[in-house]
1. Between Rg and the Kirkwood Rh of the stretch 258-409, both from Cα atoms, what is the Rg to Rh ratio?
2. Modelled label-to-label distance, Leu243 and Ala482, 7 Å Cα→beta-carbon offset: nm?
3. Let me have the 222 nm mean residue ellipticity of the chain computed from DSSP H runs of 4+ only, each contributing -39500 (n - 2.57), with the sum over all residues rounded to the nearest 500.
4. Tell me, Kirkwood radius of the stretch 343-500 from alpha-carbon pair distances, in Å?
5. What percentages, rounded to whole numbers, describe P(r) for the stretch 135-191 computed over all alpha carbon pairs with 5 Å bin width beginning at zero?
6. When all protein chains stay in place, what accessible area (Å², nearest 10, 1.4 Å probe) is found for Met292?
7. What does the charge count near Ala488 come to, summing +1 for each Lys or Arg and -1 for each Asp or Glu among other residues with Cβ under 13 Å from its Cβ?
8. Expressed as a whole number of Å, what is the distance separating the alpha-carbon centroids of the stretch 116-137 and the stretch 365-427?
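The values are calculated or read from the model by the stated rules, or taken from the named source; none is laboratory data. Every value quoted in this text rests on a predicted model; they were computed, and no experiment measured them. As a convention, Cβ positions derive from the backbone with ideal geometry for all residues, glycine included, and neighbour counts pool all protein chains shown. Note: accessible area is taken over every heavy atom of the protein model, side chains too, but ligands, DNA and RNA are not part of it. Shrake-Rupley method; radii C 1.70, N 1.55, O 1.52, S 1.80 Å.
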Amino acid sequence: MTSTTTDSPPDTAAEPHRHPTRWLVLAVICLAQLTVLLDNTVLTVAIPSLTEDLGAATSDIQWMINAYSLVQAGLLLTAGSAADRYGRKKLLAAGLALFGIGSLAAALSQTAGQLIAARAGMGIGGALLMTTTLAVIVQVFDADERPKAIGLWGAVSSLGFAAGPLIGGALLNHYWWGSIFLINLPVALLGLLAVLKWVPESKNPSGDRPDLLGALLSMIGMTGLVFAIISGPGHGWTSQRVLTSGAVGLVTLAFFALWERRCPYPMLDMHFFRNSRFVGAVSGGILVAFGMGGSFFLLGQHLQLVLHYDPLETGLRMTPLALVIVVLNFTGVGARLLPKIGTPGAIVGGMGLLAAGLASIAVLGADGYSGMLLGLVLMGVGIALSMPAMANAIMSAIPPEKAGVGAGVNGTLQECGNGLGVAVLGAVLNSRFAALLPGVAAGSLPAALSRAHTDAERTEISDAFASGVQASQLVGAGAVMAGGVLAAVLLWRAERAERAGS
């Protein structure tokens, strides 16, 4: 009888043996993962520079971020399936090479359109990196060591959040904005050489061929939906542009779901959604990424445009969030707590702390950095607890031979959540900003300030922007808290069903 995805865990017979150099392999793939994370966080502190030098409006900035996220999200499942079939090492090396080439193109961009196109190209390499790094962990670590390995993988990802703003701030204080992309080149080259030398090849010989139509449908659907969300504040939520793109996105995503159910080689097996553990982890993962992506998009602008810190000072003040995650995961706190409180407890507790952190920043951080610090620490503790637990829950619900697809699902959640977080919370910010200043209604804070004639007008505009940030952070906090409760309930039900079955 062929195996199916149910509420029972995968057969332990399929678990990989402990690879003798597994910790060295983990170090190498974490270096590859660091390449992707550095790029995203460095871009956050460069938003004001891009706004000024390239004449980019808020919607342009959102597309600079979302072009990468949407291309990556649309390709992650296909990249994971291809890695399972053709070899995870090969595609990991290809991802590093493509990411480096895209970074060079981004650094040499002369217009906002060129930079958006380069970011989209980088998304192809990022898709290969996101899927293969986590898939390799599943292959070289057994079930006992996997939570710790995934925790360390998450900690290194968080190190990218910490190092990115600092490196980006230091570069922007001395060089032009293109330098933030050039730093990817030596990291990508070093990672490529290390992958070729130390990472073992692994593949599923019976893996299905890539689902190209599914990838196309998912990309069109996500692009249409997010384009509608980004366009809503400027063009009106009932405008033809917004309604048409939103309808195209939703209808295409519906066709994607139908195709995946009937396709003989789906990139996303819809039977996985019969697994309550999988559905719970999926629900929580996308909303944590939603809160994270949106909050980083807002924090960088708030610190620089409202509180008037320079890029380096902004990077330093965003560091506590990532450092808390790094310390907790490198010391193994999350991995030790997971068996004691269970996956549902780790997820609902972590997401509750993340939501509390977002709310604290919104309420206490409106007038100064001291109020933000508590929120950043709470967010760090919450992410350190919840993110590894959710990644492990997703990977444990999928057979090891389909590790690439499982990593693709996990990466898709992160990228879709990040993209939607930037789009939705950015839309809330723009809507609130425009509502408070109907006579200004500028596409960005610098544009609005440039038209102010008195200090009183500039203060009014800054206060309106801060109010928009506060409203957006509260929306993100509510979404994260709802996701934590939903994920915990589904996971508790799955564990109760497993105990009853055994």
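1. Rounded to two decimals, Rg/Rh equals 1.06.
2. 2.4
3. -28000 deg cm²/dmol
4. 17.7
5. Result, from short to long distances: 4, 16, 17, 18, 15, 11, 9, 6, 3, 1 percent.
6. Its heavy atoms expose roughly 20 Å² to the probe.
7. +2
8. Here the two parts' Cα centres lie 17 Å apart.
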